[in-house]
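Asks: Just dropping this structure here.
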Amino acid sequence: MMIPLEHYLIFAATLFAIGIYGALIRRNIIGILISIELMLNAVNVNLVAFSRSTSLAPETGQVFAIFVIAVAAASVAVGLAIVIALYRVRKSVYTEDIHLLKW
Amino acid sequence: MELLNLAGIAGVYTLMLVILIAAVAMVTLRSLFHSALALAAVLIGIAGIYLTLQADFLAMIQILIYVGAVMTLIIFAVMLTEHLSHQTVRQNNRQSPLAIAGICAFLFCLTGVIVRTPWPLQPQNQTATITAMELGKAFMGQYVFAFELISVFLIAALIGAIVIARKDK
Amino acid sequence: MEILDSIFLNTKKIFLDLLGCWLPDWMILLVNIGIIIGVIAVLGPVIMMYLTLLERKIIGRMQNRIGPNRVGIFGILQPIADGIKMFTKEDIIPQNADKIVHFLAPVLMVIPALLAFAVLPFGRGMIPVNLNVGLLFFIAVSSTSTICVFMASWASRNKFSILGGMRSAAQMISYEIPMVLSVVPVILSAESLSTYAIVEAQARWSGLHWFVFTPWGLLAFIIFFLCGVAECNRSPFDLPEAESEIVAGFHTEYSGMKFALFYMAEYMNTFTVSALAATLFLGGWEGPVLPSWLWFFIKTHALIFVMFWFRGTLPRFRVDQLMGLAWKLFLPLTLINIFVAGGYHLISDRNFRVAGASAVLLVSFLLFTVFLNRKYMPEKRRYDLVD
Amino acid sequence: MFFGLGVLRGLMVTLKNFVTSYFMPPDRGGLFTVEYPEKRLPVIERFRNFPFLVYDKDPENPRCVACEICANECPTKCIYIEKDTDPNKKPLRRPAIFDIDITVCMNCGICEEVCPFDSIYMDHPFEVASSDRLEKLLFHKNDLLKSNDYFHKIRPTHAAAIDARRRAVEEKKKSAAVKPSETGQPPKAQNGGKP
């Protein structure tokens, strides 16, 4: 199963690019959060691909990937809590409507 | 037997293609619920990619945490905030052509860098499957401080999320 | 007994050798995988059909009635009759439902149920895929069904199904955590995540050596089994599809073949959860005389009988009791159970560690059920006769 | 006291039920369901289903004298009677048409009670379902007529009491007839209380 490292990196790069694209054009906050999740996953793929083929201790990439998954899960939890609190106050999750620093 | 290997490699590339299509769908779909499901498809696909990279413990963790828990959170949030009346509202702002141009430039120079740099390959551990045993040793050995820190971090995030989302009576 | 024990393995080997003479060897590999997939694809639905019949017979007998015996000799053909009924029933899609997601939900619900068969050790050497993360695979796959419940409830655009969907998702999540944590002591003592190695670990010990006979094993078994019952939305925990409150929960808007898929997924989950409970705690295919695959089916069907027994007896849990049980009783108990199992392995003196472990577990059980819960415990009703 | 004891006790009850349903006789926990078409419960004597007319010797002259008391008393009005007439249009004491609409009759048994001539009683067979709703479920006179010994077969004690009473009335009438009494008085059968 010899897939050269570059192919994994290019795949992860395109995934990351799609994530950025999503984060840029989405008007809905949850849409942006989802795209950030996607970018984090692209980074994970990179980590694992690098650690498997270039590092001497191959499990470091996976350890990093697990830590990234934990941090991403925590960030989604807090992010969505903020979105729900925001929705309760402003009745909308669209980025244009949330432009006052204090309400 | 080499036919089987070829089939395997072809399988990996099709999996990558499917993931990219699902990711594009996730970004462009109008209804947020559909894009959340596309994200679930992407996550399961990436777990498949981990399997091809012989990281099966990580693939299972990815499915368990991402598809099992994070997706549920996202779908809960989508359900709580999506009005059916919003279907007609435009989901993305006007800057998509500009964004596409920027992203393509970024992607172009990134792939240029990837292809040109001589990665220091270590061919000897290409086939070693990382089992849970080595990961456990790494967690308890070299990364024990980070391991404890991450649990504190998760508890803090947990309590923070509850405090923010709770209806303050 | 050796022949009977590996009868299936030998037949497969003979069949493959027969094919071997004119098929290239890599094709044999594919045929081998094909056979395994075929067996699971046939075994799953057949088990599901005959579990429905078994359930109706057992619950009938518990209520002093006979249960289906008209179709076929003892109602043997009843599942086929049900199947035909499910096929021919009209498949209604609500008018403003979300067509694609409405169609996808039952399909995606059956996939995890079928995937879970891949790691069950049916007998000595008869495990479809010997993953070295088998147990984690099972838990990961069974946790993906939460999304299918959401899809089903959101797509049918119906208040009852959304309510049912939210309730069952909340229940599935809150019972998944104790389920995962109750498995940790088993991994701790079997030193491996692969289900095959776990069964062998239980076979290696001398004397009565199933995990269920150790104090932490018994507690973990009870909690794992109850969480398994809650995971497939069955009997005392079947609030999400409670007919009396919310029509049929998340599969209200489904009829015909789609409802049959939900039904099949539920029964396959019942089988796989009890099979895994038998593998982890009752020593899988480990047994003195009978062939190994027969032991596996006896133990699994014993646990399935207990699940039907629950359905024949226990009333339904209220939502807060349901959640309270998972978070206030099962979770702390499993955490303490992990510590006790760790200690159990460190102490070498046999009867001290058994006494110590069971003492600690009993005290913590009483602590969480009687002392901390006294406020919520309904006071004992006393009927003093008016003189 | 102990947390799960109530649940265990409940489970033991159903388990006992489950086990005894295989071994015990019906009255002590065993199965008592009678599988209807193959095995049947014996119909008890006082069972009431649709009415029937009794005749003593031949179906031509049933006990019924077409007095229409039962038709008037019937709460659902499901009995229709037409008097028979001899060739020169003089009404006879016999019904020409005696129809009971089974779909309307509710087996109340009032016709049996009010009948002064012991001619209509409630029958036992209840399997009278048929595909044709109108024609087959309207019983005419010849469907309703049944002999007195059929009456004895399905309701022995009740039929015996009725016949004893009729015989007593016969003797009293005969002994009265021995004394010079005016003729032409139709024997007035006491409508004694039902035994």
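Throughout, read-outs are computed from the coordinates displayed, never taken from laboratory work. All figures in this text were calculated on a predicted structure; none of them were measured in a lab. With ideal geometry, Cβ positions are generated from the backbone for all residues, glycine too; neighbour counts draw on all protein chains shown.
Asks: Which longest run of chain D has no exposed loop site in it, a site being GluC sites (Glu not before Pro) in a DSSP loop with at most 13 other beta carbons within 10 Å, and the site itself not part of the run?
Replies: D:61-126
Asks: Along each of its three principal axes, how wide is the spread of alpha-carbon positions in the protein assembly as shown, in whole angstrom units, largest first?
Replies: 143, 81, 71
Asks: For a Förster distance of 56 Å, can you work out the FRET efficiency between the beta-carbons of C:Tyr383 and B:Leu80, rounded to the nearest 0.05?
Replies: 0.75
Asks: Using only DSSP helix segments of four residues or longer, with each worth -39500 (n - 2.57), what per-residue ellipticity at 222 nm results for chain D after dividing by its residue count and rounding to 500?
Replies: The per-residue figure over chain D is -9500 deg cm²/dmol.
Asks: Under a straight-distance cross-link criterion of Cα-Cα below 16 Å, which aspartates and glutamates are reachable from C:Lys375, leaving out those fewer than 8 residues away in the same chain?
Replies: C:Asp320
Asks: A further question follows. Per residue, what volume in Å³ does the convex hull of the Cα atoms of chain D enclose?
Replies: Value for chain D: 229 Å³ per residue.
Asks: Taking only Cα atoms, what is the 0 to 90° angle, nearest 10, from helix A:29-53's long axis to the longest principal axis of chain A?
Replies: 10
Asks: Pop the C-beta distance of A:Arg88 and C:Ile92 into the FRET formula with R0 = 30 Å and round what comes out to the nearest 0.05.
Replies: Efficiency, rounded to the nearest 0.05: 0.25.
Asks: Quick one, could you list the DSSP H helices from chain C stretching 30 Å or more along their long axis (Cα atoms) with average Kyte-Doolittle hydropathy of 0.5 or above?
Replies: Qualifying helices: C:25-62, C:159-190, C:256-281, C:292-313.
Asks: May I pose another question? Given points 7 Å out from each Cα along the Cα-Cβ axis, report the D:Lys174 to A:Glu96 separation in nanometres with one decimal.
Replies: Roughly 11.4 nm, to one decimal.
Asks: What average count of beta carbons from other chains do you get within 10 Å of the Cβ of residues in A:64-76?
Replies: 6
Asks: Grab the eigenvalues of the alpha-carbon gyration tensor for the range D:1-71, scale each by 5, take roots, and send me the semi-axes largest first in whole angstrom.
Replies: Gyration-tensor ellipsoid for the range D:1-71: 56, 17, 8 Å.
Asks: Right, something else. When N is the residue count of the range B:1-116, what does its C-alpha Rg come to as a fraction of 2.2 N^0.38 Å?
Replies: 1.32
Asks: Right, something else. Report the extension gain between C:Lys159 and C:Ile177 in nm, rounded to one decimal, defined as 0.36 nm multiplied by the number of residues separating them, less their alpha carbon distance.
Replies: 3.7 nm
Asks: So which aspartates and glutamates can D:Lys57 reach, going by Cα to Cα under 18 Å and dropping same-chain residues fewer than 8 places off?
Replies: By straight Cα distance, D:Lys57 reaches D:Asp118, D:Asp143, D:Asp149, D:Asp163, D:Glu170.
Asks: Note the angle between two axes, namely the Cα long axis of helix D:5-23 and the longest principal axis of the Cα atoms of chain D, as a number of degrees from 0 to 90, rounded to the nearest 10.
Replies: 60
Asks: When each pair of different Cα atoms in the range C:31-157 is counted once in the 1/r mean, what is the Kirkwood radius in angstroms, to one decimal?
Replies: This gives a value of 17.5 Å.
Asks: Calculate for chain A the 222 nm mean residue ellipticity that helices alone would give, adding -39,500 (n - 2.57) per DSSP H run of length 4 or more and normalising by residue count, nearest 500 deg cm²/dmol.
Replies: The helix-only estimate for chain A comes to -27000 deg cm²/dmol at 222 nm.
Asks: If each Cα of the range B:101-169 is one equal point scatterer, what is log10 of I(q)/I(0) from the Debye formula at q = 0.16, 0.17, 0.21 Å⁻¹?
Replies: Log10 I(q)/I(0), no solvent term: -0.88, -0.87, -0.89.
Asks: Past the 30 Å Cα-Cα mark, which pairs from D:Lys77/D:Lys146; C:Lys328/C:Lys380; C:Lys57/D:Lys136; A:Lys91/C:Lys258?
Replies: Those over the limit are C:Lys57/D:Lys136; A:Lys91/C:Lys258.
Asks: When only DSSP loop residues count, what chymotrypsin sites (Phe, Trp or Tyr not before Pro) in the range D:102-133 have their Cβ near at most 16 other Cβ atoms within 10 Å?
Replies: Filter output for the range D:102-133: D:Phe126.
Asks: Let me ask you something else. Based on C-alpha coordinates, I'd like the Rg and Dmax of chain A, in Å.
Replies: When restricted to Cα atoms, chain A yields Rg and Dmax of 17.3, 57 Å.
Asks: I need the Debye-formula profile for the range C:94-371: one equal scatterer per C-alpha, no solvent, reported as log10 I(q)/I(0) at q = 0.07, 0.12 1/Å, two decimals.
Replies: Reported log10 I(q)/I(0), two decimals: -0.27, -0.76.
Asks: Using just the helices of chain C, give the 222 nm mean residue ellipticity in deg cm²/dmol: DSSP H runs with n ≥ 4 each add -39,500 (n - 2.57), and the total is spread over all residues, rounded to 500.
Replies: -21500 deg cm²/dmol
Asks: Would you tell me the mean number of C-beta atoms belonging to other protein chains that fall within 10 Å of each C-beta in A:49-59, as a whole number?
Replies: 6
Asks: Within the range D:45-70, what residues put their amide N at less than 17 Å from the label point 7 Å along the Cα-to-Cβ vector of D:Asp163?
Replies: The answer is D:54-59, D:63, whose backbone nitrogens lie closer than 17 Å to the label point.
Asks: Nearest 10 degrees, 0 to 90: what angle lies between the long axis of helix D:156-178 and the longest principal axis of chain D (Cα atoms)?
Replies: Helix D:156-178 sits roughly 20 degrees off the main axis of chain D.
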